[in-house]
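Some notes on the structure that comes next.
The values are calculated or read from the model by the stated rules, or taken from the named source; none is laboratory data. Since we're looking at a predicted model, the values are computed, not measured. Don't worry about glycine lacking a Cβ; one is built from the backbone with ideal geometry, like all the others, and counts go over all protein chains shown. Side chains are part of the model used for accessible areas, which takes the heavy atoms of the whole protein and leaves out ligands, DNA and RNA. Shrake-Rupley method; radii C 1.70, N 1.55, O 1.52, S 1.80 Å.
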Amino acid sequence: TANLNIDAGTYTVYAVATPNDKNNLADAQYGTVSVIIRKPFVTAQASQSTVAQGDSVFFRGVAEGDPSQGVAIWIMGKNYASVNTESVNDDGTFDHEVDGSITSSLTSGQYFVVVQHPMYNDQFDVYVRGDYVVGPYPTANSNIFKLYGSGSLQGSDAANALTVALDDPSVDDTYTKLQFLVEVPEINILPIPEKMVGDKFEVKGTTNLAVDDELL
């Protein structure tokens, strides 16, 4: 279906017992079936919008179109960038984890995520080569911007440059973008008024640590 050069929509397939065309089926035996052709797409969401350093964060979503290479997951922030591919399950879902060993070393602040789908040609038209993000324009395998090392784009600048590259008419890839916040872990205990000897009381508070983290 990637090479049929047809638009998304509903199509009818005819199976005819004799070599009759569609306008001469009155005396022919035939059956029909409707097929819906959808444009490939990708969606994603983060397991939480705020992540404490040392906690894991997951990016889960759906990538329709059966991309054989999976999806590319770009994460960009202050002094940090990573690009990984994640395979897509038979039902179109994918799941990518950034574990606590990575978030513990991240600077607190905002991070930007772009999930890239290779679309019809099943190839990532924009990708990383060495320290640079590379694309098909103005000529094949041209450096678009620097992602790693001295002079590289960071955070929102890198994310914006990447989406501009993916939006170029010569690139058929599609994408979705999201963001999350990394914070220093903290625990706040609500004030406890004076108690008499023998009184029972509760210790209550708030924290930005993840659900199911254990506190001592």
task: Name the one entry in Val83, Val35, Val88 that is within 14 Å of the chain's Cα centre (by Cα), closer than 30 Å to Val13 by Cβ and open to solvent by 20 Å² or more (accessible area, probe 1.4 Å).
output: Val88
message: With the structure loaded, tell me whether Asp125 is among the acidic types (Asp, Glu), touching a residue at least 12 places away in the same chain (Cβ under 8 Å) and open to solvent by less than 90 Å² (accessible area, probe 1.4 Å) or whether it fails that test.
response: yes
- prompt: For region 30-101, which strands (runs of 3 or more DSSP E) that fit wholly inside it have 3 or more residues that are not hydroxyl-bearing (Ser, Thr, Tyr)?
  reply: 30-37, 42-46, 57-63, 71-77, 80-86, 93-98
message: Looking only at region 69-88, how many residues end up being polar (S, T, N, Q) and at pLDDT 95 or above?
response: 4
- line: Scanning region 177-195 residue by residue, those under 38 Å from the mean Cα position of the chain (by Cα) and among the β-branched types (Val, Ile, Thr) turn out to be Val182, Val184, Ile187, Ile189
- prompt: Applying the selection to region 128-151, what residues are part of a loop (DSSP other than H, G, I, E, B) and either farther than 16 Å from Leu166 by Cα or open to solvent by 50 Å² or more (accessible area, probe 1.4 Å) (or both)?
  reply: Gly130, Asp131, Tyr137, Pro138, Thr139, Ala140, Asn141, Tyr148, Gly149, Ser150, Gly151
- prompt: Gln69: open to solvent by 50 Å² or more (accessible area, probe 1.4 Å) and under 15 Å from the mean Cα position of the chain (by Cα), yes or no?
  reply: yes
task: Find the residue count for region 1-31, including only residues that are surrounded by 11 or more Cβ atoms within 10 Å (Cβ to Cβ) and farther than 16 Å from Tyr120 by Cβ.
output: 8
task: Can you tell me which residue within region 44-66, out of those that are aliphatic (A, V, I, L, M) and open to solvent by 10 Å² or more (accessible area, probe 1.4 Å), is nearest to Val114 (Cα to Cα)?
output: Ala44
- prompt: Which of the residues spanning region 179-216 are open to solvent by less than 70 Å² (accessible area, probe 1.4 Å) and assigned to a loop (DSSP other than H, G, I, E, B)?
  reply: Pro185, Asn208, Leu209, Ala210, Asp213
query: Got a number for residues in region 58-68 being in contact with a Phe, Trp or Tyr (Cβ under 7 Å, 6 or more places away or on another chain) and modelled with pLDDT under 95?
result: 1
message: Any residue at all in region 98-120 that's open to solvent by 60 Å² or more (accessible area, probe 1.4 Å) and closer than 23 Å to Pro40 by Cβ?
response: yes
- line: Every listed condition ((1) in a loop (DSSP other than H, G, I, E, B); (2) surrounded by 10 or more Cβ atoms within 10 Å (Cβ to Cβ); (3) not hydrophobic (A, V, I, L, M, F, W, C)) holds for Thr176 save (1)
query: When only residues in region 152-173 that are open to solvent by less than 30 Å² (accessible area, probe 1.4 Å) and β-branched (Val, Ile, Thr) count, which is farthest from Leu106 (Cα to Cα)?
result: Val171
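Which count do you get for residues in region 1-29 that are in a strand (DSSP E or B) and without any contact (Cβ under 8 Å) to a residue 12 or more places away in the chain?
Here the count works out to 0.
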